[in-house]
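Right, one structure below, let's go through it.
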Amino acid sequence: LGVVLYQLLAGVRPYELGGLRPAEAEHIVCDTLPDPMAKMLAKAAIPDAERKLRRGQITSDVERIVAKAMHKEAPRRYGSAQELADDIRRYLAGEPVQAHPDSAGYRLRKFLGRHRIGAMAATLALLAILTASGVAFWQADQARRAASDMAEINGFLMDVLRMSNPYETQGELSLADAVDLAVDQVDKRFAGRPALSSGVRFALGYSMVSRNRLALAEPQLAQALTESRTALGEQALRTLQIREAIAQLRIAQGRTKEAEDDLLAVLADIEASGQTADPLYL
């Protein structure tokens, strides 16, 4: 009845089966949806005036009634000729019809059911693309952060160099003195960023140990260790490097037994964390 109604309204049959083998015709009828009647009107062998009149009569409700009558699944069709007739009468009376279009979720479930293997492959490909995109965005974000951090550290170092420039300071100041004075700027330049400040303090503290500025070096290395543990963790390479620097400070202070214990502890943590390939282990 749905096919007959389709042909009465559109002027052509919903399926063109001429010349097809039975299996091909079965596939088209059972698995493919016909074009909307309004579209098929263009193929109908009827006068243009009749075509125009029919086009105005084929409304969305009419399309829904025909689609329900021709649904591929019997439970989703009209249960009887009487139900189809009642819906047509409701339409002619201007009342809401019982036929409704399939939801997007229903169509998606049916599509996935028909193309299970292809859908699985497409899903896996989509997941791979999303994962790769997420990694790429994360890497790009990390690269931007790293570039920003490096620019900030470079700016700090340029300030240190300017402090030792007699043309800028109007006086004689060695680079070593400028490094010592730069300590006061760390809190201002890197406030709230322990991952950065710990690295800067580590460099400054090690420089002070090398120049025998032990009293200045100790608080810098101690604070660097606290910040590195907070920001990076106990087993992070920088944390281990700062602990080694503190051990070197103990040697310079003559506290060799403490230094030995500290270095042995650092060695044990390097081995436990699998970082023995780093030069620090040597």
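The values are calculated or read from the model by the stated rules, or taken from the named source; none is laboratory data. Worth saying up front: this structure is predicted, and the values here are computed from it rather than measured. Here Cβ is always computed from backbone atoms with ideal geometry, including for glycine, and neighbour counts include all displayed protein chains. Note: accessible area is taken over every heavy atom of the protein model, side chains too, but ligands, DNA and RNA are not part of it. Shrake-Rupley method; radii C 1.70, N 1.55, O 1.52, S 1.80 Å.
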| query | Working out 0.36 nm times the residue gap between A132 and K43, then minus their Cα-Cα distance, what length gain in nm do you get to one decimal? | reply | 27.3 nm
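Leaving ligands, DNA and RNA out of it, rank S210, S197, S273 by accessible area with a 1.4 Å probe, largest first. Walk me through the intermediate numbers first.
Working: S210 90, S197 5, S273 40 Å².
I get S210, S273, S197, largest accessible area first.
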| Could you give the nm distance between label points at A268 and Q7, where each point is 7 Å from its Cα heading toward the beta carbon? | 9.2
| field | In nm, spacing of pseudo-spin labels at Y15 and I251 (7 Å Cα→C-beta vector) | value | 8.8
| query | Ignoring ligands and nucleic acids, what accessible area does R189 show with a 1.4 Å probe (Å², nearest 10)? | reply | 70
| Given the Cα-Cα distance of L53 and R211 and 0.36 nm per residue of separation, how much length would full extension add, in nm? | 47.0 nm
| query | Going 7 Å from the Cα of A121 in the Cα-to-Cβ direction, what parts of region 24-46 have a backbone nitrogen less than 11 Å from that spot? | reply | none
